[in-house]
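The values are calculated or read from the model by the stated rules, or taken from the named source; none is laboratory data. Bear in mind that the values here come from a model prediction, so they are computed numbers and not experimental data. We place every Cβ from the backbone using ideal geometry, glycine too, and count neighbours over all the protein chains shown. The protein model used for the area step is the full one, side chains on, heavy atoms only, and it has no ligands, DNA or RNA in it. Shrake-Rupley method; radii C 1.70, N 1.55, O 1.52, S 1.80 Å.
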Amino acid sequence: MTSDGAHAGKPLDQSLDQKVIDGQSGYSKPFLTLYDLVVYRGTAPLLWRCPPAVSRKLYDSSVGARHMDIGVGTGYLLHHAKFPVPDPRITLVDLNRNSLAHTAHRLRRHQVDTVRANILEPLPVAPRSHDSVGMSYLLHCVPGSLREKGIALAHAAAVVKPGGIVFGTTVLSAGVPVSGRARRAMRSLNKRGAFHNDADSLDDLRAQLDLHFDRHELTVHGCVGVFRAWTAA
Ligand SMILES: C[S@@+](CC[C@H](N)C(=O)[O-])C[C@H]1O[C@@H](n2cnc3c(N)ncnc32)[C@H](O)[C@@H]1O
C-alpha cells in the first residue's frame, strides 16, 4: 500500500512550512546512493562520534514484528536489522518521495507499505497498530526546539500498541560533548537548513520523552542522544 498524505483537508505539499521542506530536500536520488557511506562511515562515527554499531544494536534490540520507520533515508538500518519474526510487516514513513522509493526497493523482500507524511502532523495510520516505531537521525532534521518538535514523539507514540516501543537517535548540540569539528559542521548544516538542532539539548530530549511516554531509557554516544521509550501497557 502506498499513501501520499493530506493534512487538514489540504494536499500535503500545500501545508508545509519552508523549514520543514528544507529539512528533507537534500535526499535526492544521487545523494541517497552515497548516503550510507557519508553517514555510517563518515559523519556518524567521525563527527558525531556515534559508531554504526550503536544504531545497529538499537535496531536489533527494538524492532518488532509490525514495525514503522519514520524518516527512512536509505533504509540502511532496516536492511541490516534482525527482526523477531521471518516475515515482519514494515510501514515506511517519510516526507521525501526519493527516500520512500529507495527504501521500499531495498526492503522488497519484506511486506512493506509506504506513507508520505510530515512527522509534525498526526500520522495517517491506524492508532495503536504497530509494535515498534524507529526514528533514527530524524529529529535533528525537523525545525523547532525540542519542546516544539517533541510533538513528533507523540505522533509516534499514538501508532504503537499499549506497551509498544518508540526508539531512535538524534544529534544534539547542548548537554553533550561536541568536538570543534562537529560544532563547525553542525553550524554549516543548520545554516543550510539540512539540520535544525542548534537549540536541541539533552535535557529537553529527556523532558519530551518523560512527557510522551510511560518510561524511557536515554543514553549518549558522542553528541547523539539514543532513546528507547515505551507507552503504558
Ligand atoms: C538523516 S535521514 C535519516 C535516515 C535513516 N533513518 C538513518 O538513520 O540513516 C532523515 C530522513 O528524515 C526525512 N525527514 C526529514 N524531515 C521530515 C519530516 N518533517 N517528516 C518526515 N520525514 C522527514 C528525510 O527525508 C530523510 O529521509
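Within the set of pairs 6+ apart or on separate chains, which have a first residue in region 74-89 that is away from the ligand (no atom under 16 Å from the Cβ), a second that is acidic (Asp, Glu) and open to solvent by 40 Å² or more (accessible area, probe 1.4 Å), and C-beta atoms under 6 Å apart?
Matching pairs, first to second residue: Lys82/Asp60.
Determine whether Pro122 is of a type outside the set (Phe, Trp, Tyr), in contact with a helix residue (DSSP H, G or I) (Cβ under 7 Å, 6 or more places away or on another chain) and in contact (Cβ under 8 Å) with a residue 24 or more places away in the chain.
yes
So which pairs qualify, if the first residue must be in region 208-229 and on the phi > 0 side of the Ramachandran plot, the second must be at pLDDT 95 or above and surrounded by 14 or more Cβ atoms within 10 Å (Cβ to Cβ), the Cβ gap must be under 8 Å, and the two must be at least 6 apart or on different chains?
Going by the 8 Å Cβ cut-off, the qualifying pairs are Gly222/Trp48; Gly222/Arg49; Gly222/Cys50; Gly222/Val176; Gly222/Ala182.
Would you be able to say whether some residue in region 46-68 is crowded, with 20+ Cβ neighbours inside 10 Å and assigned to a strand (DSSP E or B)?
Yes, that holds for at least one residue.
Would you check if there is a residue in region 186-202 being open to solvent by less than 10 Å² (accessible area, probe 1.4 Å), in contact with a helix residue (DSSP H, G or I) (Cβ under 7 Å, 6 or more places away or on another chain), in contact (Cβ under 8 Å) with a residue 60 or more places away in the chain and on the phi > 0 side of the Ramachandran plot?
Scanning region 186-202, I find at least one residue that is open to solvent by less than 10 Å² (accessible area, probe 1.4 Å), in contact with a helix residue (DSSP H, G or I) (Cβ under 7 Å, 6 or more places away or on another chain), in contact (Cβ under 8 Å) with a residue 60 or more places away in the chain and on the phi > 0 side of the Ramachandran plot, so the answer is yes.
Being closer than 14 Å to Arg66 by Cα and either of a type in the set (Asp, Glu) or open to solvent by 60 Å² or more (accessible area, probe 1.4 Å) (or both) is the filter here; which residues of region 100-116 pass it?
Matches in region 100-116: Gln111, Asp113.
Would you say Thr2 is modelled with pLDDT under 95 and farther than 29 Å from Val176 by Cα?
yes
Every residue in region 90-119 that is in contact (Cβ under 8 Å) with a residue 40 or more places away in the chain, closer than 18 Å to Val166 by Cα and within 9 Å of the ligand (Cβ to nearest atom), please.
Across region 90-119, the qualifying residues are Asp94, Ala117, Asn118, Ile119.
Determine whether Asp60 is within 12 Å of the ligand (Cβ to nearest atom), within 30 Å of Ser179 (Cα to Cα) and touching a Lys or Arg at 6+ places or on another chain (Cβ under 8 Å).
No: the conditions fail for Asp60.
Of the residues in region 133-172, how many are hydroxyl-bearing (Ser, Thr, Tyr) and either open to solvent by 10 Å² or more (accessible area, probe 1.4 Å) or more than 14 Å from the ligand (Cβ to nearest atom) (or both)?
Looking only at that region, the number is 3.
Can we say Asp113 is in a loop (DSSP other than H, G, I, E, B) and farther than 22 Å from Pro52 by Cβ?
Against the criterion (in a loop (DSSP other than H, G, I, E, B) and farther than 22 Å from Pro52 by Cβ), Asp113 does not qualify.
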